[in-house]
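The values are calculated or read from the model by the stated rules, or taken from the named source; none is laboratory data. If you're wondering where the values come from, they're calculated on a predicted model, not measured in any experiment. All Cβ positions, even for glycine, are placed from backbone atoms using ideal geometry, and neighbour counts span all protein chains on display. SASA here: full protein model, heavy atoms, side chains in, ligands and nucleic acids out. Shrake-Rupley method; radii C 1.70, N 1.55, O 1.52, S 1.80 Å.
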Amino acid sequence: MLKKTLLAGLALGMAMAGVAQAADPVKIVYIGKNTGNPYFDSITGGFEDGCKSLGCEFEFVAPATAEATSQIPFIEAQIQRGVNVIAIAPNSPDALNPVLDSAREKGILVLTVNGDLVGNETHRDATILPVDFTKTGPNQVELMGSMIGYKGEIAILSATTEAPDQNTWIAAMNDTLKNDPKYKDMSLVATVYGDDQPEKSTTEMEALLSNYPNLVGVIAPTTVGIAAAAQVVQSRGIASTVHVTGLGLPSEMRDFVKDGTVSAFQLWSPYNEGWLAAHFAVGVLGGTIKNEVGGTFDVPNLGTISIADKNAMNTQAELTTFNAENIDEFDF
């Protein structure tokens, strides 16, 4: 009788422990490219609000600089910590593969958010991107072309040499310029890298102006780079001869648009990436969402999300173009 009571008590205790374990909140960490980059504040806001509504726990961490391997210690620390989800904006398409594999072996859901492991997608579980990145490069070329009459020397001011998302867009820009006859009179004379640091981006922009006196336009597909380029053009008073566009935050670019330094630039809603990632992660871990190509699920405020090839999801269909007519409608 005593033995049966002990066994029954043990079973009840194990069941209660299981319930307690199941009730533990999902722990999500997002590893940004680097600190001091305001772009990630908006993504983080989406994660934070998503976790408030879903009951998960969230933390943002990032290395000081955006080198290819700088995120590895942060991933290792989160594996040791035992989080449920590692979301990351990768600084390299391949340098993180072994440590991400280690995370997945521990049962951690690995998501790339706002950038992917281009060519190495099997080392993560899914990716959340703002738009179809295959359209970003051609859209940027078209916007620049419309500013300069589709004629003249242009340059690209990018982030780091190994940034997988920027490199994808730059490859598409080169392909578009080379193969679309609409842009036959536009010449890409240089691609430089500011490492997503304001000071270095400013130095690279100034060097472009010195080295290419006939430059008529600069595409900066990075929020740090476009703000730095615009600042240089503004301070020199050359907006009528050197046109700047790229991918920027409305909050940072508003003054440049209003004073005519930048006539138009593009982006998406970074906030929605964090919001979608939080809902996807909690849904997958809770069993209400299947991480399968071709699947769909609903997210509040975003509607129906489709899981495309290579387990990729987008928060919106096309880039948003910001100009003097609409920039005051956006506050991120």
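If the requirement is being β-branched (Val, Ile, Thr), closer than 24 Å to Val257 by Cα and within 25 Å of the chain's Cα centre (by Cα), which of these qualifies: Ile238, Ile148, Ile156? Give the steps one after another, and end with the answer.
Values: Ile238 fails: within 25 Å of the chain's Cα centre (by Cα); Ile148 fails: within 25 Å of the chain's Cα centre (by Cα).
Just one listed residue meets the conditions, Ile156.
Taking the listed residues Gln266, Gln234, the one that is in contact with a Ser or Thr (Cβ under 6 Å, 6 or more places away or on another chain) and open to solvent by 60 Å² or more (accessible area, probe 1.4 Å) is Gln234, with no other qualifying. On the stretch given as segment 168-202, residues that are surrounded by fewer than 19 Cβ atoms within 10 Å (Cβ to Cβ) and part of a helix (DSSP H, G or I) total 10. Selection within segment 35-70: residues that are modelled with pLDDT of 95 or more and in contact with a Pro (Cβ under 6 Å, 6 or more places away or on another chain). The member of this set that is surrounded by the fewest Cβ atoms within 10 Å (Cβ to Cβ) is Gly55.
Tell me the residue from Gly50, Gly46 that is in contact (Cβ under 8 Å) with a residue 40 or more places away in the chain, part of a helix (DSSP H, G or I), within 26 Å of Ala227 (Cα to Cα) and not aromatic (Phe, Trp, Tyr), please. None of the others qualify; the one that does is Gly46. Scanning segment 101-118 for residues that are modelled with pLDDT of 95 or more and hydrophobic (A, V, I, L, M, F, W, C), we see that the one that is farthest from Lys27 (Cα to Cα) is Leu117. Against the numbered list (1) at positive phi; (2) open to solvent by 10 Å² or more (accessible area, probe 1.4 Å); (3) among the small types (Gly, Ala, Ser), Ser210 comes up short only at (1).
Any residue at all in segment 272-294 that is of a type in the set (Ser, Thr, Tyr), surrounded by 12 or more Cβ atoms within 10 Å (Cβ to Cβ) and either at pLDDT below 95 or out of contact with any Lys or Arg (no Cβ under 6 Å at 6 or more places or on another chain) (or both)? Scanning segment 272-294, I find no residue that is of a type in the set (Ser, Thr, Tyr), surrounded by 12 or more Cβ atoms within 10 Å (Cβ to Cβ) and either at pLDDT below 95 or out of contact with any Lys or Arg (no Cβ under 6 Å at 6 or more places or on another chain) (or both), so the answer is no. Annotation: of all residues in segment 41-60 being of a type in the set (Gly, Ala, Ser) and under 13 Å from the mean Cα position of the chain (by Cα), the one that is nearest to Ile128 (Cα to Cα) is Gly46.
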